[in-house]
1. Taking the DSSP beta bridges in the protein assembly as shown as the whole, what percent of them are antiparallel, to the nearest 5?
2. Suppose we keep just the DSSP beta bridges with both residues in the range A:2-142; what percent of those would be antiparallel, to 5?
3. Across bins of 10 angstrom width beginning at 0, how are the C-alpha pair distances of the range C:336-428 distributed, in whole percent?
4. Pull up all non-local amide H partners of A:Tyr32: gap of 5 or more, or a different chain, and H-to-H distance under 5 Å with H placed in the peptide plane.
5. Work out which residues of the range B:258-285 lose at minimum 40 square angstrom of accessible surface when the other protein chains are put back, relative to the chain isolated, with a 1.4 angstrom probe, and list them by number.
6. Leaving out same-chain residues fewer than 8 places away, which aspartates and glutamates sit with a Cα under 19 Å from that of A:Lys141?
7. Rounded to the nearest 0.05, what FRET efficiency do C:Leu565 and C:Gln489 have when you use their Cβ-Cβ distance and R0 = 35 Å?
8. What's the total accessible area buried between chains C and A, using a 1.4 Å probe, rounded to the nearest 100 Å²?
Amino acid sequence: MSLKKSPWLLHYDGSSCNGCDIEVLACLTPVYDAERFGVINTGNPRHADLLLLTGSINHQNEEVVRNLYAQMPEPKVVLAVGICATSGGVFADCYNVKGGADKVVPVDVYIPGCAARPEAIIDGIVRALGVLEQKRAAAEKKV
Amino acid sequence: MESLIPALTYLLLAPLAGGLLAGVDRIVSARMQRRVGPPLLQPFYDVAKLFSKGDVEVNGLQYPLALCHLVFMALAGALFFAGGDLLLVIFVFTVAALFLVAAAFSSASPYSFVGAERELIIILAAEPALLIAAAAIYKVAGSLSFLAVAASGTALITRLPGVFLCLVYVLTMKLRKSPFDLSYSHHAHQEIVKGITTDLGGRSLAFIELTHWYENIFLMGLVYLFFAFSLPLGLAAVALTYFLEVLADNTNARVRWQLALSSTWGITLLLAGGNLLALYALGAK
Amino acid sequence: MLTDTTVAHLLTFLLCVPLSVALALLVAPGVRLRNLLVRAGAAATGAGALALAAAGGAGVHYFRAEVHGLETLFFAAGLALAGVMLGYAIKYKRPLAVALVLAQAALTLYFDLACAPAVPAERAFYSDMFSVLMALVIGILGPLICVYALGYMRDFHRHYPRLPDRRNFFFFLLFAFLSAMFGIVFSNDLGHMLFFWEATTLCSFLLIGHTRTKEAVSNAFRALVMNLSGGIAFSLALIYLARQFGIVELDKMLALRGAALLPAALLCYAAITKAAQLPFSSWLLGAMVAPTPTSALLHSSTMVKAGVFLVLKMAPVIAGTAVGNAVALIGAGTFLAASLVNIAEPNVKKVLAYSTVANLGLIVACGGIGSPAAVWIGLVLVVFHAVSKSLLFLVVGTVENRFYTKDMENYDNLIVKMPVTALLFVCGIAGMFVAPFGVVVSKWAAMKAFLDIPSAFGGVLMIMLAYGSGATVFYWSKLLGKILSMRDQADVEKKREATIGNDEWVAEWSHALLSLAVCAGLPLLSAWLAEPYIMLNYGVPSGLGAFNYGVMIFLLLMLLALPALAYLSHRRGEYRLADTYVCGRQMDSHLLVGGAMGAWREITLKNYYLDGFFSAGAILRYADILCGIAILFMLAAGVLWKA
């Protein structure tokens, strides 16, 4: 239950145009105030439960995303914010782009949009919390 | 034996009080920033969540050292409230801080390393002030025991205004508030990521959070001591001091360590050292 | 309780046996015989010290010298000492040293021929609780260090094959030095004490210059010159006592109290040079070029303790006077300056040396204040500091012989490369600044003692102590962090600790266990030796009180048990090892990070030295001047002050 109440997120910009990043940061500003839900933007994978990815995956950042995902403790969820993280967006066929975030890490919530709106991002986070709880329950049942 | 009761009360209730204090801190900060802020019990949710996370570590030393950090900080506070010698309490407090520094040093992350070095600078800056404050309290009240000084009804604040101001200045460092949150901060991003706690996660981080709560209650106890002659005044002073710290946190940018060190040592010498020497001039015991 | 005769026999044993071993070592052929002599001599000395403590610990005993011709022997030996020093000074063309040796010799001759015959010492030797305390330190730590030196010097000469192997002479000096130290603490006749004092100066000179490199010779002469100036002051004090008061014995001098202020000031001057207080600290720093056993034995646990021993002995005379206050200021100033400067010091042996100077400053300050509480603190601090600092030097020596570096920056990953050594290192460092170990407990008690002084002077000392304490935490934590930093966890394959010999292990483990024992045993040590000494000389009780002892022991148990338990239980627990966070980049075990454009770059992590604030040049310059003025003031006060 407590996981749902205290989602700490790590925000990583793969190769985004920064549009979605600005919207993610906007969620923390007074207008949207994601901290109402206990959301804290930690810059550190070891402290984070949610991994927010913006921008598509390319050859340079796929290793980084894998490392960040590996350094996060379980249970964790990944959110692909924006259409570039979802599927590569309009850049999907480019020679340097490998695709969306699900090419390297298992994604739990997709938040399309270009740029994704703060309301959508917060909605996505709330859904991700549900997934997080499911994962924790599943892990506990295994043990 | 009477001193055991305050110690046990501290050990059991300080996490609750500290967590509530942290929650109030976040709400007040949020309101200052024209936000709503998290629920009051958010810090407890945070710590509970951290305990439920899996352990991901960099080496085998960090978890034990973080646990020792927690236990020794709790011990220091318990010793303080049990009426132990304040100078010894400060030394035990330093030992507790040391465990965290050692945990941070053991990791190869540059952020962790720089955070540890900065934490040492904070300890370097704050230690003389704490020791001189204890010395001044001893000179005025004739005792270094929290219980004895509180019971005696001595108005420390009227004899030691300089020491108190210096202590509040140093408190900003110990509470990890801007402008002195050099090694670790609750704010979003550090220029050194999460500083001293960069490579600590899961339960280790939960220990650090709990330690902060114990530490904050101990430090508030120290503030209270100056007003211990009157319970309502003391509580009001604690509340006001904490509010001022939060205000300073929200209105100041972080300073460079050189300024933190030199300003703290200078203020310590002038305000705390000056106050202590003035006691002799004005005929204390 | 065994009789006076037993104590007398043991005193003779402790004075003569190390010297005999030394002389035997000088002529012993072959390595096996040398090793045997060293080990046997060490065991004998240790046994003798323990026996003395058991037999005579709680009492005060005075003895006549019943040996005929003893005075002639001392006279001849004193001339020989001077001759050796003069010879070296001439050989290496040091006019200042020549002048000082000649001046010292002239004064001693004058005393021996003109003054001494008129004032024969009735009771030349004695043993009281403080002597027994010092004898335990000298007699237990000294032999352990000599045994350690067997292993250390073997590795040392293997690494420096070009250096001439004069190990027999080296061990001769170590054992002769032990005899001289026992002589200092058991001599009631100040003339004899001067002889032993100068003997330690000579041993120190020869040991510092042992490798005969240009730097070693230069530093050896610096030590010689400074200690000779102390010896000259000692001689002047002797002459004054003989001519003005007609006495030559320590107990009679102490009975004079404030009337003997000038000789006490002169003896304090000698003690200050021996204990390397400012402005004389440079000789101790320079002495770090000597092989590490020298640093452990002379320059941390014993010889420099002779200096603080003398100051503490002088406490009844100088307490509450301008001389005492000047001495306290010199001690506190040294503590502060040396601690601050240590922040910016990257050489590990020099860090240990500055820390030694600082802690000696604290003891000197306590001696200068001279209150019963302060002197009690001085006594226990002697023990605590000697044990922990000696341990640190031994460990540093072992590491130095394997990694050939004295730079702190090369000490990282030690917990992986040499885990047991690293743990012993941590034990030593903890002993220096972690509560509840003795040095911190003494510092705590010293703060209270300073605050109990009615004048503002106590407040000034307290402020100096507060700033020095902050600095102390910083530089030790830095070193501690370096040792515990795990950089390359794969380095454990290279088994460097296998090359450490039994001699070194025995010495280091004994030291570590001793440091724990003296901490846990502080109530016993205090009740057995320290408190009776204070009661004898001041008639008041001392010590920390039962509650504080209880807290100390509780903290010690927590400190020992908790990290170990937490570590062991966690090791068996479940946790996932992951990479260090470097912004998501890959970092391999050699600290190479995959950077931009596919380039691999190495991360280097260096400690802060805060050079802008704490560099040695400016701070020591001012501190030297201030302490120099304090010394002049001390001597002037000795002449002018009327108690």
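1. Just about 45 percent of them are antiparallel.
2. Bridges in the range A:2-142 that DSSP calls antiparallel: roughly 10 percent.
3. 16, 40, 29, 13, 3
4. So A:Tyr32 has HN proximity to no qualifying residue.
5. B:Trp265, B:Leu277, B:Tyr280
6. Result set, ordered by chain and number: A:Glu74, A:Glu133, B:Asp55, C:Glu574.
7. The calculated FRET efficiency here is 0.95.
8. Roughly 900 Å².
The values are calculated or read from the model by the stated rules, or taken from the named source; none is laboratory data. This is a predicted model, so every value here is computed, not measured. Don't worry about glycine lacking a Cβ; one is built from the backbone with ideal geometry, like all the others, and counts go over all protein chains shown. Side chains are part of the model used for accessible areas, which takes the heavy atoms of the whole protein and leaves out ligands, DNA and RNA. Shrake-Rupley method; radii C 1.70, N 1.55, O 1.52, S 1.80 Å.
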